[in-house]
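Right, one structure below, let's go through it.
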Amino acid sequence: MNHIRLTLLFVFLAVFSHTASAQDFKSAAGVRLGYPFSVSYKTFITETNALEAYVGFRSYSGVANWISINGAYQVHNDIAELEGLQWYYGGGAGAQFWSYDFDASGSTTFSVSGYLGLQYTFADTPVTASIDWVPTYFFGSSSYGAFNSFGGGYGALAVRYVLGRP
């Protein structure tokens, strides 16, 4: 239960906090190399606030697979010592669609996530890279019972191609 409270507090702080900084790009598309492996699109809606959407895939060998759809709201802040480097935090939600190797049935779970990361945008190349930690609480049910768990090992290294600069 403490994991739920911590994740909800993190999401609340992300949505209602604001610090001034400037983004280095308007939007970017690429991949998130982590859990889950995903295709990602990120766009800034203000100078500091971004929306990220990604679709991912994860496989548990011999047991199950899931496809996820996730969305996140992120607040970016400059790190003054290195131009192009920002830290960010935020919150998001997702849905996971499970299929099982040992059964014809499937299930759907939902998730609430916090985001904490670093992002670097290269000045002379239209590429941005980030690394983040995404603690996630999953909830839902399947034909095998309730599915409520906290996962602290989620996150990714992301590499995106910059589609537009401000």
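The values are calculated or read from the model by the stated rules, or taken from the named source; none is laboratory data. Treat the numbers as computed from the prediction; the structure is a model and nothing was measured. We place every Cβ from the backbone using ideal geometry, glycine too, and count neighbours over all the protein chains shown. These area figures cover heavy atoms from the full protein model, side chains too; ligands, DNA and RNA do not enter into them. Shrake-Rupley method; radii C 1.70, N 1.55, O 1.52, S 1.80 Å.
Any residue in segment 131-152 that is in contact with a strand residue (DSSP E or B) (Cβ under 8 Å, 6 or more places away or on another chain), open to solvent by 80 Å² or more (accessible area, probe 1.4 Å), more than 18 Å from Val162 (Cα to Cα) and polar (S, T, N, Q)?
yes
Does segment 16-28 contain any residue that is surrounded by 15 or more Cβ atoms within 10 Å (Cβ to Cβ) and modelled with pLDDT of 95 or more?
Taking segment 16-28 first, the residues surrounded by 15 or more Cβ atoms within 10 Å (Cβ to Cβ) are 21, 23-28.
In the following step, the residues that additionally are modelled with pLDDT of 95 or more were identified as 27-28.
Yes, some residue in segment 16-28 is surrounded by 15 or more Cβ atoms within 10 Å (Cβ to Cβ) and modelled with pLDDT of 95 or more.
How many residues, within segment 108-130, are within 24 Å of Gly91 (Cβ to Cβ) and either open to solvent by less than 40 Å² (accessible area, probe 1.4 Å) or not hydroxyl-bearing (Ser, Thr, Tyr) (or both)?
Summing the residues that are within 24 Å of Gly91 (Cβ to Cβ) and either open to solvent by less than 40 Å² (accessible area, probe 1.4 Å) or not hydroxyl-bearing (Ser, Thr, Tyr) (or both) in segment 108-130 gives 15.
Scan segment 30-75 for residues that are open to solvent by less than 70 Å² (accessible area, probe 1.4 Å) and of a type in the set (Ser, Thr, Tyr) and jot them down.
Ser38, Ser40, Thr43, Thr46, Thr48, Tyr54, Ser59, Ser68, Tyr73
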